[in-house]
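Undergrad: What follows is a structure written as structure tokens; I'll ask about it next.
The values are calculated or read from the model by the stated rules, or taken from the named source; none is laboratory data. It should be emphasised that the depicted structure is a prediction, and the values quoted were computed from it without experimental measurement. Cβ sites come from the backbone with ideal geometry, for glycine too, and all protein chains shown count toward neighbours. The accessibility values were calculated without ligands, DNA or RNA, using every heavy atom of the protein model including side chains. Shrake-Rupley method; radii C 1.70, N 1.55, O 1.52, S 1.80 Å.
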Amino acid sequence: DRMDGLNAQTTRGGHKLPQNMSDKEAFETVIDVEKHFYDVLFQSENAKNYHLISNACSNHGGVFDYMVSRALEIYINGRYPYVKTSVQEKFMDHIIYGKHVILLTHGKDTEDMKHGLPLHLNDKTENYINKYLLYNNIESKTRKISVIKGDLHKDASESTYNFRYRNTLSLFGGSKWIGTNFGPTHAGCSFDIIEKETDRIYEHKILF
């Protein structure tokens with residue numbers, strides 16, 4: 001939800017969003033802030049390799065998120081050609097990292113979902129994710145599976161027989177709607193440290 005709507009509306013229209021910037025101001029702000037963030041990150045010695053994955057399928061950002069993600073990708077590809085980049089356009093997609101499979105999703109799509117994936121797992125959500133795993137021939141017997149999602153701006157983690165389900169904080173904090181429906185939230189960063197060749201995962205968060 002970094003781009004909290006286009007023309008002060010969600011992707012489906014009809015849902016007015018309170019905003020303190022115009023679309024142009026929001027675009028200029030996010031490009032300036034994230035360029036600085038990536039400059040600091042990629043010029044540090046925190047890692048030998050980087051893979052930046054941007055989500056561009058959300059109920060608030062939609063095509064606006066895609067345009068921002070592509071603009072930043074073009075900048076990064078030009079300045080830091082050794083950084084691998086991907087712009088995720090599907091509602092849910094996955095990457096393989098050693099013994100791990102990581103499913104990535106915003107949590108609510110641009111078109112069809114009446115309700116997004118919940119903060120806490122229920123039977124419907126577990127069944128949905130298990131069908132995704134079955135369709136993509138992903139087995140928990142051979143790899144550790146994690147589902148990473150945003151949308152609700154809360155840090156929470158739980159596990160089922162097949163996978164770990166983690167909600168993440170938002171760098172931008174919570175909206176008025178989030179506060180009304182789920183309570184006030186801190187801006188922050190949720191992150192994992194994953195051991196590539198073991199099943200160990202260390203969960204962390206930083207509150208701003």
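Undergrad: Out of segment 124-149, which residues are basic (K, R) and either in contact with a His (Cβ under 6 Å, 6 or more places away or on another chain) or more than 21 Å from T168 (Cα to Cα) (or both)?
TA: Passing the criteria: K131, K141, R143, K144.
Undergrad: Sticking with this structure for a sec: Do you know which of the residues in segment 72-91 that are of a type in the set (V, I, T) and either in a loop (DSSP other than H, G, I, E, B) or over 15 Å from K35 (Cα atoms) (or both) is most open to solvent (accessible area, probe 1.4 Å)?
TA: Restricting to residues being of a type in the set (V, I, T) and either in a loop (DSSP other than H, G, I, E, B) or over 15 Å from K35 (Cα atoms) (or both), the top hit is V87.
Undergrad: Report whether or not S69 is assigned to a strand (DSSP E or B), touching a strand residue (DSSP E or B) at 6+ places or on another chain (Cβ under 6 Å), within 23 Å of N167 (Cβ to Cβ) and small (G, A, S).
TA: Working: assigned to a strand (DSSP E or B): no; touching a strand residue (DSSP E or B) at 6+ places or on another chain (Cβ under 6 Å): yes; within 23 Å of N167 (Cβ to Cβ): yes; small (G, A, S): yes.
When the stated conditions are applied, S69 does not pass them.
Undergrad: Select from segment 28-64 the residues that are surrounded by 12 or more Cβ atoms within 10 Å (Cβ to Cβ), free of Cβ contacts under 8 Å to residues at least 60 places away in the same chain and touching a strand residue (DSSP E or B) at 6+ places or on another chain (Cβ under 8 Å) and list them in ascending order.
TA: Y38, Y50, L52, I53, S54, A56, C57, G62, V63
Undergrad: Follow-up question, since we're still on this one. So which of T198, T180 ends up being assigned to a loop (DSSP other than H, G, I, E, B) and more than 16 Å from the chain's Cα centre (by Cα)? Before the answer, list the steps.
TA: On the way: T180 fails: assigned to a loop (DSSP other than H, G, I, E, B).
Going through T198, T180 in turn, just one is assigned to a loop (DSSP other than H, G, I, E, B) and more than 16 Å from the chain's Cα centre (by Cα): T198.
Undergrad: Keeping to segment 123-141, report how many residues are under 15 Å from Y161 (Cβ atoms) and either part of a loop (DSSP other than H, G, I, E, B) or of a type in the set (A, V, I, L, M, F, W, C) (or both).
TA: Residues flagged as under 15 Å from Y161 (Cβ atoms) and either part of a loop (DSSP other than H, G, I, E, B) or of a type in the set (A, V, I, L, M, F, W, C) (or both) within segment 123-141 amount to 7.
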